[in-house]
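Before any comments, here is the structure.
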Amino acid sequence: IVAPNVIPIYWNWIYWIAPLSWIYRSLLLNEFVHHPNGQKVMESYGFLLPNDMPYGREWIGYGFAYIIPYTIFCLLTSAYCLHRFRLEAKQGGTSDITKEKDDVEGDASEAESNSFHDASFIPVDLSFSNLCYDVTASKGSDKLRLLKNVSGVFSSGRLCALMGESGAGKTTLMDVIALRKGGGEISGEVLLNGFPQEKTSFRRCSGYVEQFDVQSAELTVRETIRFSADLRLDRTHPARKTPEGMNLHVDEMIEMFELQEQADVLVGSEEEGGLSFEQKKRLSIAVELAASPSILFLDEPTSGLDSRAALLVMNCLRKITDTGRTIVATIHQPSSQVFDMFDDLLLLKKGGEVVFYGETGVCSSNLISYFEGLGVTPMNIGENPATWMLNVLGERIGGEDEDYNFATAWAQSSNCADLTNHLAEITETRDEETEIKYDSEFPVSWLKRDNLMGNRLVKIYWRSPAYNLVRMVLSALIALLLGSMFIPIRHSPIYSEAQITSLLATIFISFIIIGVLSIVSVLPVMLNVRDMFYRHKAAGMLNYRSLGRALGTAEHRFILIASFLFCIVFIPVSGLGMNPNYTLREKVFWAFAYWGFFTFNSAIYSYIGQLFMCLVRGQGTAMVLASVFIGINNFFSGFIVRPQQMIGNFWVITYIINPGHYVYEGLVASAFGNNTRTVIVTNASQYFAELTSPDYVGPDDVVYANGVCEIMDNGSYCEVPANEFVYAFFGKQYGRSNVGRNAVILGCILVGVRIFTFLALRNLTYSGK
């Protein structure tokens, strides 16, 4: 990019230790050393020894002599570091929120003291009958039925467990009822207090805690709960009457789930530390409860927890249930103590069929009596009833050759008949006053949703130093490094061809480097933001418009700052702003134009990165798309492949649609559009004949009868103004007259990218449901 003889002496050491410089030099020598004019070509591009002598073919061998030991050294160093050093993620979790107790009863008694009295909700009895869920097989077009005629009632003030063998469909059932399934065919009926389930109202009156729920690592516990409350609490809720009321509501959530000591601690992540896994479980439940739901669904809330932590979570659920809410949880292999805390049980077998529904009874007496009445192996004293009932589902009863059909036995039982009668009674005795209905999709206005989401994203960005702080610091450092290449010639009135070509190359590589930095760094951040949005959308907190607008407003300030830092360093250090023809006002104007195009570039790269992350499921696929975009920008922006080489053939399409073309032309025109510094063009240059030809047509169609380049020293070289050389360098395609047009085109590209991002957020969801 920068010719070797242009690199200042203080950076020469980098040139001589960089492996790519040895490889590139060897490749050039291999190509040109036997060409009749090969040495002149390499000389015109600055490939000379420090004593200004040409390179010989022996330097090809020197390249191998350097690269082979360099590769071996890197391999040995890597092996040594792998052997001696081990970098581990920070341990998650802060000091536990409660002091160690001598026994579990101590935990339970303390939990009981944290009472919860929020009564601003309508109790809901959720009933469902003959639910079926069919999906298309992964191979072929056959339909698979995952749920088969499932019926039951989740009553208010009761804690119901969904259990079954692996693959029985317990999570599938909960997702179907909670409207979390995005595909498949659902049939059957779901009622709330005897009224048909309606999507908007149901989302506003329910909460859902996923098994591995993810919260924003950059926010504190208090901020996370407050965000949920601000967006989801109904406008009639008492906490909304005063700011103090909302603060008290959030504090009540924190106290109830015993997160007082972590209230102002960042949630964190596995890599950076933060809350422990068990604390995050309780935070996830607190986030949902902050919305004051009538129904709360939980997917395996005790998975991954030790017995004490599991009991602490269950105590929290018990307290929520005692307020009159309907609590439903899938549970896998609970301890007998945890299992006894459930009031009801819905048990499924493989194939999604019900084998038991109803009250478990004291010490699971109803459950045990039902299964032992079918002739299964009696439960031993001290045995865990949850484990026992799952084991008996695979038994053969009465010497039968095949497994006993517990689903058929349930369908023929008196318990099932009682359930059928109860379902009919719910519909017949429904009360209009208990119908769940809301007059709007969201509890708060779109303006408040946008403000809350925008403030949340700005806070996340400020607390992501690996993203924005690093981006801003690197912008300044890269600008200093690239600009310092030209300190020795920043005041020079004369450029050699190698020097001005290196300057053009540096402008090109600068916007490519900053663009790549922007798009690569935005992908992981956008992945986390996108996945959180899917969760918020499913919970009815906000829609795609709020996130789309927040992404633009949160990102643009960092784009402006990073671009400003780059330009405020690069322009004066490199000497681009020292055009002898410019007044101070013109220098400021064109420096502002340069910053504007550089900002366009960073914005397009950043927002295209956001778009890619919204279009595809995983970060790896988005990175592939980003690599394609970066490659197209590299090749067809106008430097590596010049405009004159693309116009008139198929590749002109990539040149026309490439945003890098308009950015680069704008940068070059801002820097050299009227720069009259002298450029020395030797007779070995590919531009010498064109610039010295009669009737040469320059910018603005000015005709030079004797050529624009003044021949000197008997034709060994000529002198030409920098703006004329740049005009010829790009095949007379780059000019200052295109600056306004390019700005408009880039603005349209940016708007188009934002529109496609909105559409992707609206129409695509990669939540795995």
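The values are calculated or read from the model by the stated rules, or taken from the named source; none is laboratory data. Treat the numbers as computed from the prediction; the structure is a model and nothing was measured. So basically every Cβ, Gly included, is an ideal-geometry build from the backbone, and we count neighbours across all protein chains shown. When the accessible area is computed, the model is the full protein with side chains, heavy atoms only, and any ligands, DNA or RNA have been set aside. Shrake-Rupley method; radii C 1.70, N 1.55, O 1.52, S 1.80 Å.
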Region 691-712, residues that are more than 56 Å from the chain's Cα centre (by Cα), surrounded by 10 or more Cβ atoms within 10 Å (Cβ to Cβ) and over 15 Å from residue 679 (Cβ atoms): 706
Every residue from region 1-27 that is surrounded by 13 or more Cβ atoms within 10 Å (Cβ to Cβ) and over 42 Å from the mean Cα position of the chain (by Cα): 5
Cβ-Cβ under 9 Å pairs, at least 6 apart or on other chains, region 488-508 side surrounded by fewer than 20 Cβ atoms within 10 Å (Cβ to Cβ), far side among the charged types (D, E, K, R): 492/677; 493/677; 494/677; 494/719
Test: residue in region 381-389 that is modelled with pLDDT of 90 or more, of a type outside the set (Phe, Trp, Tyr), surrounded by fewer than 15 Cβ atoms within 10 Å (Cβ to Cβ) and more than 29 Å from residue 145 (Cα to Cα): yes
Test for residue 37: is it modelled with pLDDT under 85 and in contact with a Leu (Cβ under 8 Å, 6 or more places away or on another chain): no
Condition met for residue 211 (closer than 22 Å to residue 456 by Cα and of a type outside the set (D, E, K, R)): no
Residue count for region 54-75, restricted to those that are open to solvent by 100 Å² or more (accessible area, probe 1.4 Å) and in a loop (DSSP other than H, G, I, E, B): 1
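A quick yes/no check of all residues on (1) open to solvent by less than 30 Å² (accessible area, probe 1.4 Å); (2) under 30 Å from residue 685 (Cβ atoms); (3) assigned to a helix (DSSP H, G or I):
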site: 408; (1), (2), (3): no, no, yes
site: 415; (1), (2), (3): no, no, yes
site: 420; (1), (2), (3): no, no, yes
site: 423; (1), (2), (3): yes, no, yes
site: 442; (1), (2), (3): yes, no, no
site: 456; (1), (2), (3): yes, no, yes
site: 459; (1), (2), (3): no, no, yes
site: 471; (1), (2), (3): yes, no, yes
site: 481; (1), (2), (3): no, yes, yes
Filter pass, residue 47 being open to solvent by less than 70 Å² (accessible area, probe 1.4 Å) and touching a Gly at 6+ places or on another chain (Cβ under 6 Å): no
From the options 282, 222, residue that is out of contact with any Leu (no Cβ under 6 Å at 6 or more places or on another chain), open to solvent by less than 10 Å² (accessible area, probe 1.4 Å), outside any strand (DSSP E or B) and not hydrophobic (A, V, I, L, M, F, W, C): 282
Test: residue in region 316-326 that is in contact with a Phe, Trp or Tyr (Cβ under 9 Å, 6 or more places away or on another chain), buried (at least 19 other Cβ atoms within 10 Å of the Cβ) and farther than 19 Å from residue 123 by Cα: no
Qualifying positions in region 731-759 - modelled with pLDDT of 95 or more and either within 19 Å of the chain's Cα centre (by Cα) or not in a helix (DSSP H, G or I) (or both): 753, 754, 755, 756, 757, 758, 759
Pairs, first within 15 Å of residue 664 (Cβ to Cβ) in region 620-647, second open to solvent by less than 30 Å² (accessible area, probe 1.4 Å) and acidic (Asp, Glu), C-beta under 7 Å, six or more apart: 638/665
Residue within region 646-653 that is closer than 25 Å to residue 741 by Cβ, touching a Gly at 6+ places or on another chain (Cβ under 8 Å) and of a type in the set (S, T, N, Q) present: no
Qualifying residue in region 558-573 (condition: assigned to a helix (DSSP H, G or I) and closer than 30 Å to residue 232 by Cβ): yes
Flag for residue 612 being open to solvent by less than 70 Å² (accessible area, probe 1.4 Å), under 23 Å from residue 477 (Cβ atoms) and modelled with pLDDT of 95 or more: no
Residue satisfying condition, being within 26 Å of residue 412 (Cα to Cα), open to solvent by less than 10 Å² (accessible area, probe 1.4 Å) and in contact (Cβ under 8 Å) with a residue 40 or more places away in the chain, within set 342, 297: 342
Exclusive hit being of a type outside the set (Lys, Arg), crowded, with 20+ Cβ neighbours inside 10 Å and farther than 25 Å from residue 766 by Cβ, set 663, 641, 573: 663
Checklist (1) at pLDDT 90 or above; (2) closer than 25 Å to residue 206 by Cα applied to residue 312, failing item: (1)
Selection count where residues are of a type outside the set (D, E, K, R) and in a loop (DSSP other than H, G, I, E, B), scope region 182-219: 13
Which listed residue, of 326, 242, 321, 330, is at pLDDT below 90, more than 30 Å from residue 524 (Cα to Cα) and among the hydroxyl-bearing types (Ser, Thr, Tyr): 242
